[in-house]
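Asks: Please read through the structure below; I'll follow up with questions.
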Amino acid sequence: MSRIKKLDTLLANQIAAGEVVERPASCIKELIENCLDANAKRIDIEIEDGGSKLIKIRDNGSGVHPDDLGVALSRHATSKIYNFDDLEKVATLGFRGEALASISSVSRLTLTSCVEGSIAFQVAVQGVDQKPEVMPAAHPKGTTVEVRDLFFNTPARRKFLRKQKTEFDHIDEVVKRIALSAFDVDFTLKHNQKLVRHYKAAKSLIEEEQRIASLCGKAFIDHAIKIESEIAGLKIHGWISLPTFSRSQADLQYFYINGRIVKDKVINHAMRQAYHDVLYGGRFPAYVLFIGIDPGQVDVNVHPTKHEVRFRESRLVHDFIFKTVKDSLSHIKVKEAPTVSLTKIVEPEFEAVTQNNFVYKEPEAPKIYSQQIDQYEKLAAAPPPSYEPAEEVVNVEKEQSHPLGYAIGQLRNIYILAENADGLIVVDMHAAHERVIYEKLKADFASDSLCAQPLLVPVTVSLSVHEVNMVEERLQYFADLGLKISIIGQESIAIREIPALLREIDLVKFIQDILSDISLMGESFQIEKLQHKVLGTMACHASVRAQRKMTILEMNALLRQMENTSNSGQCNHGRPTWLKLTLPELDKLFLRGR
């Protein structure tokens, strides 16, 4: 083997650049984070040819002291940390001291800066291992970093850059993510001398929501609710989408820890669990959320690009996010739900037949095992609950206490038509009644569904040694879930008792899923998921069916139940249960006032 020798500084910096500077967008991310750490309130970004020819970033922050300019481009040189205690509680976005050194090793970089009460100075390097010369320059308070010809001396890296538009799209997304977290900073983005983006500083909640609308789309902010909570040193605030506004992919999910955007499996799991009972299958929620946590409780030094973090109390963070989001969704009453435009709602399930007639197609119930439904046969076969009498005639103009108003009739015995002070309310009576029953069943049966029953023949499950150890440490936890398990070997367990609702499932896969959840979060929601699936099927079978003629009294009673039921804006499968068509929208449709 070759002898060991120390790499020269330039080569070491270029190797580091492979981790820090993946493309122009990652270079811009590092530089903007330095601007924010310098308390800049205005950041101007200018790029050419997708950033490969020029990246120029100017800020009005505190600047770099003239005596520090020479060392600023050195590797592992930073003003963010000085000792190990500082590393244990990082409170800044950048701290590694690798960004400027790495970028300068693969580009022609010029750094110009001016601090308060001093003249400006400039330092320039061109990817060579030499001591940079500091010279006077003209510059206002703040810093400008100019990066030209990125990867000019590493052609192998340069040839992997994509087309100009692709690289710009990545830069645009980076600026967007940072602008979402720094509301008080004014951002401009120019591409090839043309102003492309200008995000004005937001000083109020309305202006913050306007910035979010410009970044994430007006539809998101129109269908989002503001949340805020604080407990045990944890703070969370931001915007989460209503279940009726969802995405086909996870492309509108932004989560920040102390101002730093992160991608974390603990957070993703908590959000999925919070939405799983109200979101249509295969859809993803949208959110912009900010967590505030003691820097000493989160390790941000686990990845070169700082996109990942590690929590010291991951279970606490998970449960806090899960509970806050789930409670916020469950507390959305009808009166708090926004007006939903007909063009934004999920289309009802119709199938066309001849001569423009339509036949209603019932939504399919989730696949569930017949023996599990048999346990609740009486309830599923029972008629819909009786309704309390109500006044037949109501003056809607005088009585505005009920957001869903009062029924005026049915459409094809499928939809309830109601009138309130704002206009017309259309309710899918089956979907609405299904949610009402489902929420009641969850409250009534949650504690009774984990009754264990012994298996005639115990089921043996082969696991790894690590998984068996996990089971052995948590035998009481499994017992609380209704699972009686015994250890029969170093790599095998025997399941002797299970909850009644697990009789028809694949126990081997189920145990593996539980252990996967426990490995990630310390607990599992698999039992709860199955329980909700059973109760959802019961609610679907027990709710009022389409084609049933309802009286005005029954329709009004259902509307009142919806107003007092959590998550009543969508059924158990995530479909919307009602929408509102306001009078101005109706006037627009009929061209009134023109």
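The values are calculated or read from the model by the stated rules, or taken from the named source; none is laboratory data. Nothing here was measured: the structure is a model prediction, and the numbers come from that model. All Cβ positions, glycine included, derive from the backbone under ideal geometry; neighbour counts span all protein chains shown.
Asks: Do we have Phe183 as in a loop (DSSP other than H, G, I, E, B) and either outside the structural domain of Pro24 (by TED's automatic domain parsing) or more than 25 Å from the chain's Cα centre (by Cα) (or both) here? Before the answer, list the steps.
Replies: Numbers: in a loop (DSSP other than H, G, I, E, B): yes; either outside the structural domain of Pro24 (by TED's automatic domain parsing) or more than 25 Å from the chain's Cα centre (by Cα) (or both): no.
No: the conditions fail for Phe183.
Asks: Check whether at least one residue in the stretch 267-288 is under 22 Å from Asn39 (Cα atoms) and among the polar types (S, T, N, Q), and report yes or no. Please lay out each step first, then the result.
Replies: So in the stretch 267-288, the residues under 22 Å from Asn39 (Cα atoms) come out as none.
Within the stretch 267-288, not a single residue is under 22 Å from Asn39 (Cα atoms) and among the polar types (S, T, N, Q).
Asks: Considering each residue of the stretch 185-208, count those that are in contact with a Lys or Arg (Cβ under 7 Å, 6 or more places away or on another chain) and within 21 Å of Ile225 (Cα to Cα), and give that number.
Replies: Residues that pass the stated criteria total 1.
Asks: Still on this structure, please answer the following. Failed condition for Ile57, given (1) within 34 Å of the chain's Cα centre (by Cα); (2) part of a helix (DSSP H, G or I), with all others met?
Replies: Failing condition for Ile57: (2).
Asks: Examine the stretch 570-584 for a residue that is within 28 Å of Gly482 (Cα to Cα), assigned to a strand (DSSP E or B), at pLDDT 80 or above and of a type in the set (D, E, K, R), and state whether such a residue exists. Outline the logic, then answer.
Replies: From the stretch 570-584, those within 28 Å of Gly482 (Cα to Cα) are 572-573; that's our starting set.
Keeping just the survivors that are assigned to a strand (DSSP E or B) gives none.
Among the residues of the stretch 570-584, not one is within 28 Å of Gly482 (Cα to Cα), assigned to a strand (DSSP E or B), at pLDDT 80 or above and of a type in the set (D, E, K, R), which makes the answer no.
Asks: Hey, another quick one. Out of Lys80, Lys131, report the one residue that is out of contact with any Asp or Glu (no Cβ under 9 Å at 6 or more places or on another chain), more than 13 Å from Leu31 (Cβ to Cβ) and touching a residue at least 40 places away in the same chain (Cβ under 8 Å).
Replies: None of the other options fit; the residue is Lys131.
Asks: Can you tell me which residue among Lys190, Lys235 is more than 26 Å from Arg23 (Cα to Cα), modelled with pLDDT of 90 or more and part of a strand (DSSP E or B)?
Replies: Exactly one residue qualifies, and that residue is Lys235.
Asks: Only one residue in Ser102, Ser107 is surrounded by 22 or more Cβ atoms within 10 Å (Cβ to Cβ), under 18 Å from Leu31 (Cα atoms), at pLDDT below 95 and touching a Phe, Trp or Tyr at 6+ places or on another chain (Cβ under 7 Å). Which one?
Replies: Ser107
Asks: Quick one: in the stretch 1-59, of everything that is among the small types (Gly, Ala, Ser) and modelled with pLDDT of 85 or more, which residue is farthest from Lys131 (Cα to Cα)? Full working, then the answer.
Replies: Of the stretch 1-59, the ones among the small types (Gly, Ala, Ser) are 2, 12, 16-18, 25-26, 38, 40, 50-52.
Next, from what is left, pick out any that are modelled with pLDDT of 85 or more: 25-26, 38, 40, 50-52.
Details: Ala25: 27, Ser26: 25, Ala38: 25, Ala40: 28, Gly50: 30, Gly51: 26, Ser52: 25 Å.
Going through the qualifying residues, I end up with Gly50.
Asks: Now a separate question. Quick check on this structure: which one of Ala40, Ala91 is at negative phi, out of contact with any Pro (no Cβ under 7 Å at 6 or more places or on another chain) and in a loop (DSSP other than H, G, I, E, B)?
Replies: None of the other options fit; the residue is Ala40.
Asks: Ok, one more. Just to verify a result, which residue in the stretch 264-278, among those that are in contact with a strand residue (DSSP E or B) (Cβ under 8 Å, 6 or more places away or on another chain) and outside any helix (DSSP H, G or I), is nearest to Ser314 (Cα to Cα)?
Replies: Asp264
Asks: Take the stretch 583-594 and flag every residue that is touching a residue at least 12 places away in the same chain (Cβ under 8 Å) and of a type in the set (A, V, I, L, M).
Replies: Listed by number, the residues that qualify are Leu583, Leu586.
Asks: Given Ser241, Ser229, which one is small (Gly, Ala, Ser), within 22 Å of Asn567 (Cα to Cα) and surrounded by fewer than 17 Cβ atoms within 10 Å (Cβ to Cβ)?
Replies: Ser229 is the lone residue from the list that is small (Gly, Ala, Ser), within 22 Å of Asn567 (Cα to Cα) and surrounded by fewer than 17 Cβ atoms within 10 Å (Cβ to Cβ).
Asks: Among the residues in the stretch 85-93, are any under 30 Å from Pro155 (Cα atoms), among the hydrophobic types (A, V, I, L, M, F, W, C) and surrounded by fewer than 21 Cβ atoms within 10 Å (Cβ to Cβ)?
Replies: No - not one qualifying residue is present in the stretch 85-93.
Asks: For the stretch 546-582, which residues satisfy the criterion of being in contact (Cβ under 8 Å) with a residue 60 or more places away in the chain and over 34 Å from the mean Cα position of the chain (by Cα)?
Replies: Ala546, Gln547, Arg548, Lys549, Met550, Ile552, Leu553, Glu554, Met555, Asn556, Ala557
Asks: Scan (1) closer than 17 Å to Arg23 by Cβ; (2) surrounded by 20 or more Cβ atoms within 10 Å (Cβ to Cβ) for the single condition Gln122 breaks and write down its number.
Replies: Of everything listed in (1) closer than 17 Å to Arg23 by Cβ; (2) surrounded by 20 or more Cβ atoms within 10 Å (Cβ to Cβ), Gln122 misses just condition (1).
Asks: Can you list residue pairs whose Cβ atoms sit under 8 Å apart, with the first residue in the stretch 456-475 being more than 18 Å from Asp506 (Cβ to Cβ) and the second being surrounded by fewer than 16 Cβ atoms within 10 Å (Cβ to Cβ) and among the polar types (S, T, N, Q)? Count only pairs 6 or more apart in sequence or on different chains.
Replies: The qualifying pairs are Val465/Gln490; Val468/Gln490; Val468/Ser492; Met470/Ser519.
Asks: Identify, please: which residue in the stretch 447-473 is out of contact with any strand residue (DSSP E or B) (no Cβ under 9 Å at 6 or more places or on another chain) and part of a loop (DSSP other than H, G, I, E, B) and is, among those, modelled with the highest pLDDT?
Replies: Here the residue is Ser464.
Asks: Could you say which residue among Lys190, Lys159, Lys163 is assigned by TED's automatic domain parsing to the domain that holds Gly50, without any contact (Cβ under 8 Å) to a residue 60 or more places away in the chain and more than 17 Å from the chain's Cα centre (by Cα)?
Replies: It is Lys159.
Asks: Among the residues of the stretch 284-304, which ones are out of contact with any helix residue (DSSP H, G or I) (no Cβ under 7 Å at 6 or more places or on another chain), surrounded by fewer than 18 Cβ atoms within 10 Å (Cβ to Cβ) and at pLDDT below 85?
Replies: Once the filter is applied, which keeps residues that are out of contact with any helix residue (DSSP H, G or I) (no Cβ under 7 Å at 6 or more places or on another chain), surrounded by fewer than 18 Cβ atoms within 10 Å (Cβ to Cβ) and at pLDDT below 85, the stretch 284-304 yields Asp299, Val302, His303.
Asks: If you don't mind, there's one more thing I want to ask. For the stretch 62-72, indicate whether the set of residues that are in contact with a Ser or Thr (Cβ under 8 Å, 6 or more places away or on another chain), buried (at least 19 other Cβ atoms within 10 Å of the Cβ) and closer than 20 Å to Thr9 by Cα is non-empty.
Replies: There is at least one residue in the stretch 62-72 that is in contact with a Ser or Thr (Cβ under 8 Å, 6 or more places away or on another chain), buried (at least 19 other Cβ atoms within 10 Å of the Cβ) and closer than 20 Å to Thr9 by Cα.
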